[in-house]
1. Starting from the range 117-172, pick out the chymotrypsin sites (Phe, Trp or Tyr not before Pro) whose DSSP state is loop and whose Cβ has at most 11 other Cβ atoms within 10 Å.
2. Using the basic label-point model (7 angstrom from Cα toward the beta carbon), what is the THR144 to GLU48 distance in nanometres?
3. For the range 1-55, state which chymotrypsin sites (Phe, Trp or Tyr not before Pro) are in a DSSP loop and have at most 15 other beta carbons lying within 10 Å of their beta carbon.
4. Please find the FRET efficiency linking ASN132 to LEU164, where r is the Cβ-Cβ separation and R0 is fixed at 22 Å, and quote it to the nearest 0.05.
5. Highest GNM mean-square fluctuation, the chain, Cα pairs closer than 10 Å: which of ALA58, ALA149, ALA79?
6. Please check the chain for the longest run free of trypsin sites (Lys or Arg not before Pro) that are loop-located per DSSP (anything but H, G, I, E, B) and have at most 16 other Cβ atoms within 10 Å.
7. Sum up the charges of everything whose Cβ sits under 12 Å from the Cβ of ILE152, counting Lys and Arg as +1 and Asp and Glu as -1, but leave ILE152 out.
8. So which aspartates and glutamates can LYS125 reach, going by Cα to Cα under 17 Å and dropping same-chain residues fewer than 8 places off?
Amino acid sequence: MKRVLVIGPSGAGKTTLATALAEKTGLPLIHLDTEYWRPKWVPTLDEEWAPIVSDLVARDSWIIEGNFSSTFNLRMPRADTIILVIRPRLHCLWRVFLRYLKYRGETRPDLANGCPEKFDPAFYKWIWDFPNRSLPRIDEVMATIGAHASQITITSDTEARAFLDTINPKTN
């Protein structure tokens, strides 16, 4: 395990799992939100985003946490492990709301500076629509351009802990 993708809906536990996996393996952790967003929630221009991601995946080892399906074609071919963290909609929405309460007005550690946590109804709708809109695309790309990689689906905190327990510290 040298190049790991951690994908899934917001609030499912991607960041928590990726952080724990990075601590256990010593692999460098990349949060795509940190790379993509500019201060005041300004997105990276499309023509700049693909080269940024190409540079990130060209590294020898990494854990890349985040969806950004427009770059699956760059990330999945280089990944040796793909972890899909998936939870029920209400679970994800609840966790994102709790995260909002915890960090409101502040920038989370996994976001770019100048992007304070905010309540965004469109973001909640994106989470709600994830199973119908995004999950079929993820299933498709995992079956095609990600088929070579080891694929793990995590559906609970218990499964996440059990997976992490299988990892030998800093030897993978």
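1. Working: sites: PHE119, PHE123, TYR124, TRP126, TRP128, PHE163; in loops: PHE119.
Listed in order of number, the matching sites are PHE119.
2. Label at THR144, label at GLU48, 3.0 nm between them.
3. none
4. Details: r = 30 Å, r/R0 = 1.35.
For ASN132 and LEU164, the calculated efficiency is 0.15.
5. So, out of ALA58, ALA149, ALA79, the one fluctuating most is ALA58.
6. Numbers: sites that count: LYS2, ARG59, LYS118, LYS170.
Maximal segment without exposed cleavage sites: 60-117.
7. -2
8. Hits, sequence-local ones excluded: GLU117.
FYI, it's all coordinate maths here, none of it is from the lab. In this text, all values refer to a predicted model and were calculated from it rather than measured experimentally. Neighbour counts run over all protein chains shown; Cβ positions are idealised from the backbone, glycine included.
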